[in-house]
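Enquirer: Dropping the structure in here first, questions after.
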Amino acid sequence: MNLSTLFAIALERTPDKLALEFADPDQPGAVERYTYRELYAAVDRWAGAFQRLGLQKGDRIAFFLGNRPEFVIAYLAVIRIGGVMVPVNLRYRKREINHILHDCTAKILLTEAAQQPVLDELEQEDLAAVERVLLVDEAQSWLDDAAEPSPVLVQGEELALIMYTSGTTGRSKGAMITHNNVLATVTGLLSAWAWDREDVILLPLPLFHTHGLMVGLHCALAAGATTRLRPKFDLGETLDVLGSGGATLFFAVPTIYFRLVETIRGMDPRPDFSRMRLFCSGSAPLPAETHTEFEQLTGLRILERYGMTETGMNFSNPYAGPRIAGTVGTALPGVFGRIVDGQNNPVQPGTEGELLVRGSNVFDGYWRDPEKTAASFSTDAEGIRWFHTGDLARQDPETGYVTLLGRRHELIISGGFNIYPREIEEMLCAFAGVVEAAVVGMPHPEWGEVPAAYLVCNGSVDEEALVVYCRAQLASFKLPRQFRYVQELPRNAMGKVQKHLLPR
């Protein structure tokens, strides 16, 4: 089985059901809608056009596109004919785009007129690996002569995607994602979150990221549900859609939930989310305060989960069961996890260590980087291969729920003691006036490194009172030695804080 055969189930069962709706809040009234029959008719045309333009099985095609119907159609067409889609983050610029296009040797770059200012920055050498640059705005010119696509045998173990990591510790690496990897994540989530063909998901998350593509779009297509795709998050429109019963599912990053809480707090009456059956948060840790207040305001508990570009989804709080703030729950169907010490020995529940995972969802390795691939996996005494997530974690001895403590490379070691930044960040965010916090290690001549905190505040903060508060909450070696006040924390497109970009 491959992804095309999975997605074709909805076409067979409910061809006239609404599959995709696209609306831009900045263009009222301009709405595009596709039934499953109409969607896959368009997919056939695009697949035939790609073949006529020379795209063959295994060729890479880079997508530098925002959320729009053509992204969905072109992607489904590419995997239909055995091509490999390479999504490119729209925040990337010359250096990063050049690296990805050359690294994956993309045959085609599919983009749009809206990205022309960025494309104008690229020089001929940046595009040297690309045979064609295609604008979806001009698609009609190369779709007119498209014939029916020729059948291509695509095996489950073959590549569907190369997804580049955010590159916080160096140049981004291309994770090789097979059809089977995606199938494992999707089928696990369909079961774990009780997806149904009557579901409607409001999806403003970018499709170039695993959260929007793997968790949102893939699951909706496989369930035969309806995707209400948006080019970006719009606060007013989101509240209108969710409050009017226009969706049953909403997936977002913590930054979006923070903005929703801030707004709902001041609304009277508050929006009615009674038709919503699932709010899900991921891509970055959700502060416990946001989780708790959202429930107080709406009566609904957010479900937190945990995944990675390289693995799809790994852990989730239960759909039918306690959703504990600050945890990512337990392993999803078909996923296995263990927490190990520095010698890769499993630790007892309640003990901190690095989280390792394995399962059919785990990627094959990094594109053209065997050394990094080898360094990212280890084999246990039974000969079983495990992927090192780089995330520090602890499992609760009673519930089995896993709590993430931060990235391994962000661990602060001060005088031989391990300090987990997330613990300090959550404590700081509970102090009046502190909106967000990021804790990093700063070099120290005696202790090696000590914690320093970057704070985003709502008005002025009494630093003396903050220091007293910290001393009452934390061991002395965990106390931030510096407080630095910033207007905002640097983030990537999914709202994850980029600590390496903080001024030092």
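Bear in mind that the values in this text are calculations on the coordinates, not laboratory data. These numbers were taken from a predicted model, which means no experiment stands behind them. Using ideal geometry, Cβ is built from the backbone for each residue, glycine included, and neighbour counts are taken over all protein chains shown.
Enquirer: Please name whichever of Ala223, Leu39, Tyr319 sits farthest to the positive end of the charge dipole of the chain, dipole taken about the Cα centre and charges placed at Cβ: Lys and Arg +1, Asp and Glu -1.
Expert: Tyr319
Enquirer: Please compute the modelled spin-label separation between Ser244 and Arg408, points set 7 Å along Cα→Cβ, answer in nm with one decimal.
Expert: It works out to 4.9 nm between the two label points.
Enquirer: Oh, and also: Based on other C-beta atoms within 10 Å, arrange Ser460, Ser283, Ser274, Ser378 from fewest to most.
Expert: Details: Ser460 8, Ser283 25, Ser274 11, Ser378 14.
Ranked by crowding around the Cβ, least crowded first: Ser460, Ser274, Ser378, Ser283.
Enquirer: Also, quick follow-up: When the dipole is taken about the Cα centre of region 435-500, and only Lys, Arg (+1) and Asp, Glu (-1) are charged at their Cβ, what size is it in debye, to the nearest 20?
Expert: Details: 7 positive and 7 negative charges, 53 e Å.
The calculation lands at about 260 debye.
Enquirer: On full extension of the chain, what length is gained from Ala472 through Asn344, given 0.36 nm per residue of separation minus the C-alpha to C-alpha distance? List each step's numbers first, then the result.
Expert: Details: separation 128, 0.36 × 128 = 46.08 nm, distance 3.49 nm.
Between Ala472 and Asn344, full extension yields 42.6 nm more.
Enquirer: Moving to a separate point now. Can you work out ³J(HN,Hα) from phi for every residue in region 131-142, in order, using Karplus 6.51 cos²θ - 1.76 cosθ + 1.60 and θ = phi - 60°, giving whole Hz and x for Gly and Pro?
Expert: Running phi through 6.51 cos²θ - 1.76 cosθ + 1.60 with θ = phi - 60° gives 7, 9, 10, 10, 9, 5, 5, 10, 4, 4, 5, 10 Hz.
Enquirer: Mind listing the long-range amide H neighbours of Ser414? Cut-off is under 5 Å, sequence gap 5 or more, other chains count too, H placed in the peptide plane at 1.01 Å from N.
Expert: Under 5 Å from the amide H of Ser414: Ile419.
Enquirer: Which value, in debye to the nearest 20, describes the size of the charge dipole of the chain about its Cα centre when Lys and Arg Cβ atoms bear +1, Asp and Glu Cβ atoms bear -1, and nothing else is charged? Show your work: numbers first, answer last.
Expert: Values: 47 positive and 62 negative charges, 108 e Å.
Roughly 520 debye for the chain.
Enquirer: A further question on this structure: What FRET efficiency do you get for Met1 and Arg37 if R0 is 30 Å and r is their Cβ-Cβ distance, rounded to the nearest 0.05? All intermediate terms of the calculation are to be shown ahead of the outcome.
Expert: Details: r = 22 Å, r/R0 = 0.73.
It comes out at approximately 0.85.
Enquirer: Further, regarding this structure: Over region 176-320, what is the relative contact order in percent, taking alpha-carbon pairs closer than 8 angstrom and at least six residues apart? All intermediate terms of the calculation are to be shown ahead of the outcome.
Expert: Numbers: 228 pairs, mean separation 33.1, N = 145.
Relative contact order of region 176-320: 23 percent.
Enquirer: Which lysines have a Cα lying under 21 Å from the Cα of Lys94, excluding residues fewer than 8 positions away in the same chain?
Expert: In chain and number order, the partners are Lys107, Lys173.
Enquirer: What's the FRET efficiency of Arg275 with Gln27 using the Cβ-Cβ distance as r and R₀ = 22 Å, to the nearest 0.05? Working shown, then result.
Expert: Numbers: r = 26 Å, r/R0 = 1.17.
With a Förster radius of 22 Å, E is 0.30.
Enquirer: Mind giving me the nanometre distance, one decimal, between the label points for Ile9 and Glu423, set 7 Å out from Cα along Cα→Cβ?
Expert: 4.4
Enquirer: Which cross-chain or sequence-distant (5 or more) residues have an amide H under 5 Å from the amide H of Ala160, H modelled 1.01 Å from N in plane?
Expert: Those qualifying (amide H under 5 Å, at least 5 residues apart or on another chain) are Ile177, Thr178, His179.
Enquirer: Something else about it: Remind me, relative contact order of region 3-178 in percent, using alpha carbon pairs under 8 angstrom and six or more residues apart? Each step should come with its number before you reach the end.
Expert: Values: 282 pairs, mean separation 39.3, N = 176.
Once divided by the residue count of region 3-178, the mean separation gives 22 percent.
Enquirer: If you wrap a convex hull around the Cα atoms of region 18-103, how much volume per residue is inside, in Å³?
Expert: Dividing the Cα hull volume of region 18-103 by its residue count gives 104 Å³.
Enquirer: To continue, here is another question. Roughly how many Å is it from the Cα centre of region 340-379 to that of region 405-428, as a whole number?
Expert: Spelled out, the Cα-based centre of one part sits 20 Å from the other.
Enquirer: Now for a different question. Shape call for region 377-504 from the C-alpha gyration tensor, a ≥ b ≥ c root eigenvalues: rounded (a/c under 1.5), prolate (a/b greater than b/c) or oblate? Mind dumping the intermediate values first?
Expert: Values: a/c = 1.81, a/b = 1.68, b/c = 1.07.
Prolate shape, in that a/c is at least 1.5 and a/b is the bigger ratio.
Enquirer: Which of Leu11, Leu392, Leu501 comes first, and how do the rest follow, when ranked by fewest Cβ neighbours within 10 Å? Mind showing how you got there, number by number?
Expert: On the way: Leu11 19, Leu392 23, Leu501 12.
Least crowded to most crowded, the residues run Leu501, Leu11, Leu392.
Enquirer: Along the charge dipole of the chain, which of His291, Phe63, Leu260 sits closest to the positive end, that is, farthest toward it, with unit charges on the beta carbon of Lys, Arg, Asp and Glu (+1, +1, -1, -1)?
Expert: Among His291, Phe63, Leu260, the one farthest towards the positive end of the dipole of the chain is His291.
Enquirer: Could you work out the relative contact order of region 330-397, using alpha carbon pairs under 8 angstrom and six or more residues apart, expressed as a whole percent?
Expert: Numbers: 101 pairs, mean separation 24.7, N = 68.
Value for region 330-397: 36 percent.
Enquirer: For Glu148 and Arg481, FRET efficiency with R0 = 60 Å and r from the beta-carbon atoms, rounded to 0.05?
Expert: On the way: r = 67 Å, r/R0 = 1.12.
The calculated FRET efficiency here is 0.35.
Enquirer: I've got another one for you. Tell me the angle of helix 94-104 to the major Cα principal axis of the chain, expressed in degrees between 0 and 90 and rounded to the nearest ten.
Expert: 60
Enquirer: Turning to a different aspect of this structure: If I stretch the segment between Thr351 and Ser460 completely, what's the gain in nm (0.36 nm per residue apart, minus their alpha carbon distance), one decimal? Don't skip to the end; give the middle numbers.
Expert: On the way: separation 109, 0.36 × 109 = 39.24 nm, distance 3.79 nm.
Additional length available on full extension: 35.5 nm.
Enquirer: Would you list, by chain and number, the lysines whose Cα falls below 22 Å from the Cα of Lys232, excluding same-chain residues fewer than 8 positions away?
Expert: By straight Cα distance, Lys232 reaches Lys496.
Enquirer: Using θ = phi - 60° and the Karplus form 6.51 cos²θ - 1.76 cosθ + 1.60, what ³J(HN,Hα) does each residue of region 277-289 get, whole Hz, x for Gly and Pro?
Expert: Whole-Hz 3J(HN,Hα) from phi for region 277-289: 10, 7, 9, 10, 10, x, 6, 6, x, 8, x, 4, 5.
Enquirer: I'd like the Kirkwood hydrodynamic radius of region 222-406, using the inverse of the mean 1/r over distinct C-alpha pairs, in Å. Provide the component values of the computation, followed by the final result.
Expert: Working: mean 1/r = 0.0549 Å⁻¹.
Here the Kirkwood hydrodynamic radius works out to 18.2 Å.
Enquirer: Evaluate 2.2 N^0.38 Å with N set to the residue count of region 54-202, then give the Cα radius of gyration divided by it.
Expert: Working: Rg = 16.4 Å, N = 149, 2.2 N^0.38 = 14.7 Å.
So the Cα radius of gyration is 1.11 times the expected 2.2 N^0.38 Å.
Enquirer: Where the centre of each part is set by its Cα atoms, how far does region 197-254 sit from region 104-143, in angstrom?
Expert: 28
Enquirer: Could you size up the charge dipole of region 222-406 around its Cα centre, putting +1 on the beta carbon of Lys and Arg and -1 on that of Asp and Glu, and report it in debye to the nearest 20? Don't skip to the end; give the middle numbers.
Expert: Working: 17 positive and 22 negative charges, 114 e Å.
Magnitude of the dipole: close to 540 debye.
Enquirer: How long, wide and thick is the chain, going by the Cα atoms along their three principal axes, in whole angstroms, largest first?
Expert: Over the chain, Cα extents along the principal axes are 72, 57, 47 Å.
Enquirer: Arg171 to Ala374: extension gain in nm, 0.36 nm per residue of separation minus the Cα-Cα distance?
Expert: 71.4 nm
Enquirer: Moving on to the next point. I want the local charge near Glu237. Using Cβ-Cβ distances under 14 Å, sum +1 for each Lys or Arg and -1 for each Asp or Glu among the other residues. Intermediate values should be presented prior to the final figure.
Expert: Numbers: positive: Arg228, Arg230, Lys232, Arg259; negative: Glu21, Asp24, Asp26, Asp234, Asp240.
Spelling it out: positives minus negatives among the neighbours equals -1.
Enquirer: Quick check on region 3-178: of the DSSP beta bridges with both residues there, what percent are antiparallel, nearest 5%? Show your work: numbers first, answer last.
Expert: Working: 10 of 23 bridges.
In region 3-178, approximately 45 percent of DSSP beta bridges are antiparallel ones.
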